[in-house]
Structures are given as structure tokens and as C-alpha cells.
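The structure appears below as C-alpha cells.
Nothing in this text is a laboratory measurement; each read-out follows from the coordinates by a stated rule. Bear in mind the structure is a predicted one, so any value in this text is a computation, not a measurement. Neighbour counts are summed over all protein chains in view; Cβ atoms, including those assigned to glycine, are modelled from backbone coordinates with ideal geometry.
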Amino acid sequence: MPSALPMIQPDDLAACCSPVIGGVVSDEAAETLARMFKALGDPTRVKLLSLIAAAEQGEACICDMTEPVGLSQPTVSHHMRLLVEAGLATREQRGKWAYYRVAPDALRALASALAPIAC
């Protein structure tokens, strides 16, 4: 089984995410960006991020995300774990339930990584 990569921290994004088309990215930056894009490569995870972003106060309980995606709580928790590990969402435990928020800085970093640079 491959070893787990360390969780991406928001502070790591600014340093690693220079525009991909502006030059050759470092191996570390390429690995970080690939993990983030890979996490978004599943339609369920994209929908989960959308649900969270659209939720009141910008957060959603795992208990409220199962029905909209038609999956069990353990499956949704698995998808959310991948999004958190990729740095695209944050998790806060409140009693029995986990609450999630989108990490806007991470999404901005992904967008800017692919944005054309001005000449």
C-alpha cells in the first residue's frame, strides 16, 4: 500500500502554485497540484464541494450531504477525507458529526496555476 502524502496546508499553496504555463514547475509543486486536481477528478467530490459552498453559512454537516449525492455516510466521509487531505476543504468535529467548509484559497491557487500570464 502506498504511503499517504502529508496533508496540504494553505500556506504551502502560495509557494508552490506559480502558473503552470509560465514555466516549468518544481517536482514538489507538480505533486501538490496533481493531488489537488486528482481530488477534483471525481464528479461526486465536485458535487460535494458545490453543496458545501452553496450551504447556509458556507458549511455543511456530513449528515446533510448523503442524500443529495445518493451515497452512504461512510462513502461520503471517504470522499470528504480525500478533499480535506488535498487541502480543498476543512473539517471540524462537533460532537458526533463532522462539518466541512470549502478552502477558498486552495481553489484560487488551482485557478491561478492554470491562468495565462500577462505578457
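Sparsely packed loop sites in the stretch 43-98 (the trypsin sites (Lys or Arg not before Pro) outside DSSP H, G, I, E and B with at most 11 other Cβ atoms within 10 Å) comprise LYS96. Treating the stretch 48-119 as a set of equal point scatterers at the Cα positions, no solvent, please give the Debye-formula log₁₀ I(q)/I(0) at q = 0.17, 0.21, 0.25 Å⁻¹. For the requested q values the scattering log ratios are -0.62, -0.87, -1.15. Here the dipole of the stretch 39-112 is about 120 debye; that uses its Cα centre as origin and unit charges on the Cβ of Lys and Arg (positive) and Asp and Glu (negative). As a rough guide to protection, the peptides 36-44, 53-61 ranked by mean Cβ packing within 10 Å, highest first, stand as 36-44, 53-61.
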